[in-house]
Ligand SMILES: [Zn+2]
């Protein structure tokens, strides 16, 4: 009795009359191939299924005619896999010079790897199939030239390249042409008939020859493709969205702190002076200006009037300020040219609330004068009054006792 592995294709393998996407998936899932013996054959319907996703077909929609024809043809021939017989024994005691050969290849449709064990038994070469895996190619193309090049890669590539380099020896890798590479077949897929004809599981024909005669070709590197993954130049514009502040952080100082550290990171990345340690007063001041800029960009449309008798100017960095009547007084610059702020903005609300808390739950009038030192809030009395009335502590302590009326009867 031979020690072999066979394929048990359920007979008769019913070919359904109608072929919606749902049925195609069902047919694919009925085939169980844990070691990847049949990966060259089984990758084809998976590639076809991926095409239906690009067409955005519903689960019960019929396949396009050409795809259905190809799938039916594949399905009719699958019964041929009954004839596949693969030796189960991997290693004999008397074997010497056992080598592990792993091949990988990628096409536009799929990528695959396959492993064979090569050994010599009494001057006869024995090649045994070990394992194979094929996957439908992702939309973003990848390149295996990463592994051999000493270059700085982005984080995703770097992690994988480092892992592969640690596990294997660079010198043990060679490039061979597609015709000689057994991983070529599962990376493209084939019919069951062609699979039987090639006897793919027996390994490449050249592996039975002397190592000196093995094929080896120079790898032609697509430099453009490789450089796409390189980290030579990192230039990232940080887009500060309002949502990330108002949603994630419920207090004004937390939002400000985030901007401060983002700006510190940005200036270090662009090498605008080396800053380290605690944040400086200039950095905090700059972060506040950034915050005001975010609020103004979101709240004010260009060319719009901002209020009655309000003269608005623009600072060199694009921030809007109100030209107060005290423009030439000896007050501070902020007081003479306060930043213009809208009356409805979550960050303005947080800013007022912060001042309210910092000043021991100050009332509307006091808060108005405090905020006026630096900011000009449109409808400030109404806006600040709304925040103060919303303070739970203030409401609790401001409640007046209930007055009872006493009636005297004679
Ligand atoms: Zn309060």
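The values are calculated or read from the model by the stated rules, or taken from the named source; none is laboratory data. Everything numeric here is computed off the predicted structure, so don't read it as measured data. When we count neighbours, we look across all protein chains shown, and the Cβ atoms used for this are built from the backbone with ideal geometry, even at glycine.
What to note about this one:
- Pairs where the first residue, in the range 386-400, is touching a residue at least 24 places away in the same chain (Cβ under 8 Å) and the second is more than 8 Å from the ligand (Cβ to nearest atom), C-beta under 7 Å, 6+ apart: 387/349; 387/352; 387/353; 388/363; 388/364; 388/367
- Output for the range 195-204, where each listed residue is part of a helix (DSSP H, G or I) and in contact with a helix residue (DSSP H, G or I) (Cβ under 8 Å, 6 or more places away or on another chain): 195, 196, 198, 200
- Just one of the listed residues (298, 355) is modelled with pLDDT under 85 and part of a helix (DSSP H, G or I), namely 298.
- Residue list for the range 13-48, filter: assigned to a helix (DSSP H, G or I) and touching a residue at least 40 places away in the same chain (Cβ under 8 Å): 21, 24, 27, 39, 40, 41, 42, 43, 44, 46, 47
- A Cβ distance below 7 Å, combined with a sequence gap of six or more or placement on separate chains, defines the contacts here; from the range 166-185, residues that are within 18 Å of residue 109 (Cβ to Cβ) reach residues that are assigned to a loop (DSSP other than H, G, I, E, B) and modelled with pLDDT of 80 or more in the pairs 182/203; 182/204.
- Output for the range 348-363, where each listed residue is within 16 Å of the ligand (Cβ to nearest atom), surrounded by 19 or more Cβ atoms within 10 Å (Cβ to Cβ) and in contact (Cβ under 8 Å) with a residue 40 or more places away in the chain: 350, 351, 353
- Unique match (being within 31 Å of the chain's Cα centre (by Cα), under 24 Å from residue 7 (Cα atoms) and surrounded by 18 or more Cβ atoms within 10 Å (Cβ to Cβ)) among 103, 71: 103
- Some residue of the range 325-347 being more than 20 Å from residue 251 (Cβ to Cβ), modelled with pLDDT under 85 and within 15 Å of the ligand (Cβ to nearest atom): no
- The set of residues in the range 368-392 being part of a helix (DSSP H, G or I), touching a helix residue (DSSP H, G or I) at 6+ places or on another chain (Cβ under 9 Å) and within 10 Å of the ligand (Cβ to nearest atom) consists of 387, 388, 389.
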